[in-house]
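Data first, discussion second: the structure below is written as structure tokens.
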Amino acid sequence: MYSREREELFINLNPLQTAGRTRASVRKAVTRYVDGYSVCDACAGILHDITKPPIKSLVDDLAEFLNVDVARTTAGAREAKFMVMHSECSPGDILVLDSNAHYSTYVAATRAGLEVVEAPAGPPPFFHITAAAYAETLEQVKTRTGKPAALALLTHVDGDYGNLTDAAAVAQACHEAGTPLLLNTAYTTGRMPVDVRAIGADYVACSCHKSWGACGPIGVVGAIGERAEHLFRLDARYPKKNIELLGCTARGSNIMSLMEALPLVKERVKHWDEELENARWFAARMEAIGKGGIKLLGDNPTNHDLMRFATPLLHEIGQGQRKKGYYLHKELTDRGITGLKPGQTQWFKMSTYGLTRSQVEYLAQAFEEIASM
């Protein structure tokens, strides 16, 4: 079976893919601009000033959608995070981040020459990140160094447990400590409403191939006020070129896919309550299987479509199957469900984003059938 057939015909549970599925109109836009020079031919030196195709309108729409002063496209969220770190900090400065942060955040910090200090997550099974943990960590940094941390980063929803952290409370703690906040929204913007200015963050990083239904790799970086002016400063020798953007970043088919996907994204975030209701309904059905043999980790009830389950019951069933741990992947595949890693039965991450209620019900029924084997 070809990958596109699987994508169209199967229910996909992979959290990296559920909100990144492209619509037919997006794929069509990509084919029109697939040549490497397709956008650059129209450039007079500033990518975000191109009016045909309307990239200038796109970046203005992005800034309005996120409620920031300036937004620009990047090659992904990790590139956006590095840009902010490199612009805001100097080598040897301290970055405070949550201990649930994605590996790419640590790699970006290392590349920028920063010291990383973690605001710790709470104990299992919830692993919560709190504003109090940030406040305490920021105070410890200030006591040790005699100055505020140069930058703080919060993973709005983490990729391990799907925990939605109170970003506004963290932003307040950071500002009271004299530290700007970068909000990593790889799993939130594009899926759910996010107002960066209302939250109080200074910067935002987005992953549009993960959560905006765009062709990757592509992301967005946004900033507010004077920090936007510095982040998007121009080069003295080439005064049309943004330094941190290396002149320009995402261009060609990926930026055109984002342009086509944005109207859909604006509409679908209005229905976040329905997505959350589906996720909570499914999680409750899963936990009802096997009297504790399946347990939701992280926020419970969940506040996001990304969920992580501990599944000792499914692992135990696998011990009596010919395929052992691979039985679960096979049973799901036979039922038209994909996205879980082959061989993984002790725990797994999944997402219900974009599924209809009837699909979510079918999914729950499938797991109930497998659990009764």
Looking at Ser253 and the list (1) touching a strand residue (DSSP E or B) at 6+ places or on another chain (Cβ under 7 Å); (2) among the hydroxyl-bearing types (Ser, Thr, Tyr); (3) at pLDDT below 95, which single condition is not satisfied?
(1)
Among the candidates Ser257, Ser211, residue that is under 21 Å from the mean Cα position of the chain (by Cα), buried (at least 22 other Cβ atoms within 10 Å of the Cβ) and closer than 22 Å to His304 by Cα
Ser211
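Of all helices (runs of 4 or more DSSP H) completely enclosed by the range 156-223, which ones contain at least 3 residues that are under 24 Å from Ser351 (Cβ atoms)? Even if it seems obvious, please write down each step before you answer.
Details: elements: 167-176, 196-199, 208-211.
Output list reads 208-211.
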Does Gly76 satisfy the criteria of being at positive phi and either touching a Lys or Arg at 6+ places or on another chain (Cβ under 9 Å) or outside the structural domain of Leu262 (by TED's automatic domain parsing) (or both)?
yes
Could you please find all residues in the range 62-88 being polar (S, T, N, Q) and surrounded by fewer than 22 Cβ atoms within 10 Å (Cβ to Cβ)?
Asn67, Ser87
Would you call Leu13 in contact (Cβ under 8 Å) with a residue 24 or more places away in the chain, closer than 21 Å to Leu234 by Cα, among the hydrophobic types (A, V, I, L, M, F, W, C) and crowded, with 16+ Cβ neighbours inside 10 Å?
no
The conditions are (1) touching a strand residue (DSSP E or B) at 6+ places or on another chain (Cβ under 8 Å); (2) of a type in the set (Phe, Trp, Tyr); (3) closer than 29 Å to Gly213 by Cα, and Tyr134 fails exactly one of them. Which is it?
(3)
For Asp61, which of the numbered conditions (1) out of contact with any strand residue (DSSP E or B) (no Cβ under 9 Å at 6 or more places or on another chain); (2) modelled with pLDDT of 95 or more fails to hold?
(1)
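So which of Arg144, Arg227 ends up being farther than 16 Å from Thr73 by Cα, in contact with a strand residue (DSSP E or B) (Cβ under 7 Å, 6 or more places away or on another chain) and part of a helix (DSSP H, G or I)? Quick ask: steps written out before the conclusion?
Numbers: Arg144 fails: in contact with a strand residue (DSSP E or B) (Cβ under 7 Å, 6 or more places away or on another chain).
Matching residue, one of Arg144, Arg227: Arg227.
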Could you tell me whether the range 230-247 includes any residue that is within 20 Å of Ile55 (Cβ to Cβ), assigned to a strand (DSSP E or B) and within 19 Å of the chain's Cα centre (by Cα)?
no
When the range 89-110 is checked residue by residue, the ones that are exposed (fewer than 14 other Cβ atoms within 10 Å of the Cβ) and either touching a Pro at 6+ places or on another chain (Cβ under 6 Å) or not polar (S, T, N, Q) (or both) are Pro91, Gly92, Tyr103, Val107
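The values are calculated or read from the model by the stated rules, or taken from the named source; none is laboratory data. Remember, it's a predicted structure, so these values are computed and weren't measured experimentally. Methodologically, a virtual Cβ is constructed for each residue, glycine included, from the backbone with ideal geometry; neighbour enumeration extends over all protein chains shown.
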